[in-house]
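Contents: one structure, followed by commentary.
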Amino acid sequence: MKTRLQDIVPYVTRDGSQVRELMHPDSHAVRRQSLAEAVVAPGAATRRHRHHASEELYHVTAGTGVMTLGDKHFNIAAGDTVLIPPGTAHCVEATGEVALHILCCCCPAYAHDDTELL
């Protein structure tokens, strides 16, 4: 199975980021995980939130930002990958002049019901 980013209609998640689901069990043959691209506009931030079941990997493909992970804050940029364990509060802020683009891999797959806004 193959998907193309430009063919996928984006939507806004509960945390406020614009997301395109590249692979998700609701729409594709993948069973246990999901892969999405999240875009955060320059100067914008996602809402602090956590997922109780999903472990996430964020891989930055463009832009720069500040990641809040639990009580830690650190800079992120293209090429960086961050592990977000289940239950860990997190958010990102796009600090550069271009949008922050992040590939988000969730296992189990992303679910709105697993997202708790803080």
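A short reminder: the numbers here are calculations on the coordinates, not readings from a lab. Note that the coordinates shown come from a computational prediction; the quantities given were computed from them, not determined experimentally. In this analysis, Cβ positions are derived from the backbone assuming ideal geometry, glycine residues included, and neighbour counts consider all displayed protein chains.
So the values come out like this:
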item: Looking only at region 7-37, and only at residues there that are assigned to a strand (DSSP E or B) and of a type in the set (Asp, Glu), the one that is surrounded by the fewest Cβ atoms within 10 Å (Cβ to Cβ); result: Glu37
item: Within region 82-102, tally of residues that are under 16 Å from His49 (Cα atoms) and not aliphatic (A, V, I, L, M); result: 7
item: Candidate set: region 38-49, residues that are buried (at least 16 other Cβ atoms within 10 Å of the Cβ) and in contact (Cβ under 8 Å) with a residue 60 or more places away in the chain; chosen: the one farthest from Gly96 (Cα to Cα); result: His49
item: Residue list for region 54-88, restricted to those being exposed (fewer than 14 other Cβ atoms within 10 Å of the Cβ) and touching a residue at least 60 places away in the same chain (Cβ under 8 Å); result: none
